[in-house]
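The values are calculated or read from the model by the stated rules, or taken from the named source; none is laboratory data. Here the structure is a predicted model, which means the values were calculated and not measured. As a convention, Cβ positions derive from the backbone with ideal geometry for all residues, glycine included, and neighbour counts pool all protein chains shown.
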Amino acid sequence: MLSYNLKGEFIISQWQCPLCGKIVSVSRYDPSNFEDDILLVQVRGLGRGKGFELAEKYSLLDGDNPELLDLISNRVAVIYDMLYEDVEDDEAEEEYPVDLEDDDEEEEDEDINDLDEDIID
């Protein structure tokens with residue numbers, strides 16, 4: 001998202017990933033091609049100024065690095081709670097609407113009727 005502020009300065013919108021901290025341009029973020037896996041990628045340096053090459057790449061879901069997977073899992077749980085806390089609260093309110101006035105009146109009516117039936121019997 002590109003925009004200008006009141007001073008006429010060019011502004012680029014970016015967001016920071018709550019999982020890893022990486023800052024990414026909003027306009028270039030598209031997770032549709034991401035793999036549904038947690039990969040550990042090891043690279044080897046090719047010397048000063050020559051870059052890197054892929055040495056090894058494997059899934060953390062295989063259990064090779066449980067400590068790192070635990071750190072990621074714990075952080076994802078925090079992010080999940082942050083994103084869906086309000087949704088879960090709203091769903092709970094819809095399932096069990098609270099209307100204290102109606103409940104009290106119904107209980108009183110039922111209690112009186114029960115007593116009348118007991119007296120008649």
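Numbers at a glance
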read-out	value
Answer from 70, 64 - the residue that is charged (D, E, K, R) and either in contact with a Phe, Trp or Tyr (Cβ under 7 Å, 6 or more places away or on another chain) or in the same structural domain as residue 21 (by TED's automatic domain parsing) (or both)	64
Segment 23-59, subset among the aliphatic types (A, V, I, L, M) and part of a loop (DSSP other than H, G, I, E, B), residue farthest from the chain's Cα centre (by Cα)	46
Residue within segment 1-15 that is outside any loop (DSSP other than H, G, I, E, B) and under 20 Å from residue 79 (Cβ atoms) present	yes
